[in-house]
Each structure stands twice: as C-alpha cells, then as structure tokens.
1. If residue 236 satisfies every condition in (1) within 17 Å of the chain's Cα centre (by Cα); (2) more than 18 Å from residue 157 (Cα to Cα); (3) surrounded by 19 or more Cβ atoms within 10 Å (Cβ to Cβ) but one, which is the exception?
2. Output the residues belonging to region 294-319 that are under 18 Å from residue 122 (Cα atoms) and aliphatic (A, V, I, L, M).
3. Could you check how many residues of region 52-70 are under 28 Å from residue 34 (Cα atoms) and touching a Leu at 6+ places or on another chain (Cβ under 7 Å)?
4. Can we say residue 334 is at pLDDT 95 or above, on the phi < 0 side of the Ramachandran plot and either in contact with a strand residue (DSSP E or B) (Cβ under 7 Å, 6 or more places away or on another chain) or outside any strand (DSSP E or B) (or both)?
5. Go through region 247-294 and tell me which helices (runs of 4 or more DSSP H), entirely inside it, have 1 or more residues that are surrounded by 15 or more Cβ atoms within 10 Å (Cβ to Cβ) and either out of contact with any helix residue (DSSP H, G or I) (no Cβ under 8 Å at 6 or more places or on another chain) or at pLDDT 95 or above (or both).
6. What number of residues in region 80-121 are closer than 23 Å to residue 37 by Cα, among the small types (Gly, Ala, Ser) and not in a strand (DSSP E or B)?
7. Considering region 134-166 alone, what residues qualify as being assigned to a helix (DSSP H, G or I) and either farther than 29 Å from residue 309 by Cα or hydrophobic (A, V, I, L, M, F, W, C) (or both)?
Amino acid sequence: MTTTKNSSVIFSSRPDGFPIPGEHLQVTNDATINLDSVPLHGGLLVKTIALSVDPYYRILMDRTYKLGEPIFGHIVGRVIRSELEGYNPGDYIYTEEAPFQEYAVVTRGASQLRRIEKDAATWVQYLGVLGMVTRTAWIGYYALAKAKKGETILVSTAAGGVGSAVAQIAKEQGLKVIGSAGSDEKVKYLKEELGLDAAFNYKTEDLEAVLKREGPIDIYWDHVGGKTLETVIGNMNPVGRVIICGVIEQYNSKDNTGFGVKNFSLIHSRELTVAGFWVNPLEKREGDFGFFKEMPKLVREGKIKIREEVRHGLDTVPQFLLDIQKGKNVGKAVVIVADE
C-alpha cells in the first residue's frame, strides 16, 4: 500500500472581514493519504496539477466551507484511481468542485466534471481563458445583456478574469466599452492590449465625472456593488440593464451588508433591469450559447485574451485569496500545485 504526504488548504476559522492567511486559512503539511485504499465512493482519486483562486471563495467562507476541512474549488488533475465509468487512470480532468489537496477525492457528481485533453491547451488556460471565468462572462453576457451594437457598457474590475472577458466580448459585438481598474498599470493594459474605448483608475478618478464624460450607460456589468452601483444607476439610459456578477465591496464587510444603495427609485422611473446570477444555474436555465464551440476558436484567433497571474505551491493559496479581495492581483489567479 502507498502512503504519501497530502498537504491541504484548511478552513480554520470564519472571518469577520478579510480572510487572513494563517488565521482563517491554514496550509497543513502533516496529513497523509493511502493512494491504494482511500475510499472513492464511486468517484475519482486525482493528483492536483493546478487550481484556480476566485473572489467568490470568500462567500463560501460565510456559507459553505466547513471548519477544519479543506476548502474546495476549481482544479485540473490526473486520475490516479477511478470508480467512475468513463474515467480511467492517466486521464486528465477539470472540475469546479474538488478539495484543495495534493491528492483529492472527486465525487461522481462534482460540478462541471469532465475529461480534458493534455495537449489541447495549457493547464493555466483550462482554469483561465477556457474555464469558469470566460464561461461566466459568455453565458452571463448573452443571457442577460440584451446588447445592441453601438450601446455603451461599463465593466467594473475590467482587468480581472471575468471582467476582461466581458469587455472583449462586448467589443467584438460592436459596443462602446468602458472599463474600471485599480491601478494605472491595469488601465494601460485595458487600453493598449485589449483596445477598450475608455478605461480609468477608480482609486484616483472620480466615477461620476468619468460617466458624465463617457456615458450615459446602457449596460453595467457589476462586480463591486455599493456606492459604485449607486453612482452608475444615476448615469444609466432608460431601459438599461445592470448585471450583478459579484459584490466584492460587501464580501469582507463586518456585518455582511456594506453600503446601502439609495437611488433604487431610478430602477422604476427609468425602467431599468437588474439581474444577479450564478453561472451554473443560469446555464441550466438558458444553455451555454455555444461557449464550448466558440470560445476555443476565439482564443485561437486571438480575439479573447485573459491575463493570468500564476503562483506555485498550495502554500500560496491563502495570500492569493486575500490579494484578490484587495485588488492586488494582476489577472486570473492560478496556482500550480505539482508536475503532471
């Protein structure tokens, strides 16, 4: 029987604010796993090759993650053992629901579990430009934006994974695209590399002034919530659409409420539509709008590009998650855990 070290990212205490490395998330290196006999319960034993760190993990710390257990999320890995029909040792898989461990037991019903081809893309691409970030952008945009050529869209946190994908999709569809970002370097990236019509540093520029200059807005793709959402609502055209993909301003508020938007009456008077969504339920209701067919082609043609920030080792996960919450990352966050 083969027993080996199995480091894990453990949810150690529930945060009241930002998740602090070593306090709320701890990496343990003393656990072991028997690769030959660990129960699979009809699932897979997988060696984790790479994993994704995403902003919404902070929500799961309030609602879903269990104290003393590994957090879970998106991984790519190689099958070591299988009790699941259609999967064999040596296969490579992607799933959005696997514990963050060196060796993970993936359940048969894990979200978005599928085989992937080793040579079709890099592991980072499977978690980035071909993963949930672009699927979220693609399905959310086509299901909810109801966009028309020539309209104006504002994308918050537009240099991030989902935001940059939305911005590029909208640009490809003939919209005027405005992006916000948290540094001058990110603003330069949005303008010079992604070709946005306008971009600004929300930390140094007044949002109201930007919207008076570049707006009004027909579609707002929101990752922030709070005062930003209130300001945008005040600068929207009639029959505009607000798509709420995240509310990062409230993820780390101590009472989990944050800023209260005060101009909701404009939603009525301007006939605005406000829609929040999670991509998996939305996909089940509306379909994938050809994502798995169209996105690889757009990536090959260079029409969709996602900037990635790659770190190495499970021990980088807690700090990476904190950096994302504070806007210090510079692209889709991916951690390389092991060689193949």
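1. (1)
2. 295, 298, 299, 304, 306, 310
3. 2
4. yes
5. On the way: elements: 248-251, 265-269, 279-286.
Fully inside region 247-294 and qualifying: 265-269, 279-286.
6. The number of residues fulfilling the criteria is 4.
7. Within region 134-166, 137, 138, 139, 143, 144, 145, 162, 165, 166 meet the criteria.
Yes/no matrix, rows are residues, columns are (1) within 22 Å of the chain's Cα centre (by Cα); (2) in contact (Cβ under 8 Å) with a residue 40 or more places away in the chain; (3) crowded, with 19+ Cβ neighbours inside 10 Å:
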| position | (1), (2), (3) |
| --- | --- |
| 14 | yes, yes, no |
| 30 | no, no, no |
| 43 | no, yes, yes |
| 62 | yes, yes, no |
| 73 | yes, no, yes |
| 77 | yes, no, yes |
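The values are calculated or read from the model by the stated rules, or taken from the named source; none is laboratory data. Remember, predicted model here, so these are calculated numbers, not experimental data. Glycine also receives a Cβ, built like all others from the backbone with ideal geometry; neighbour counts cover every protein chain displayed.
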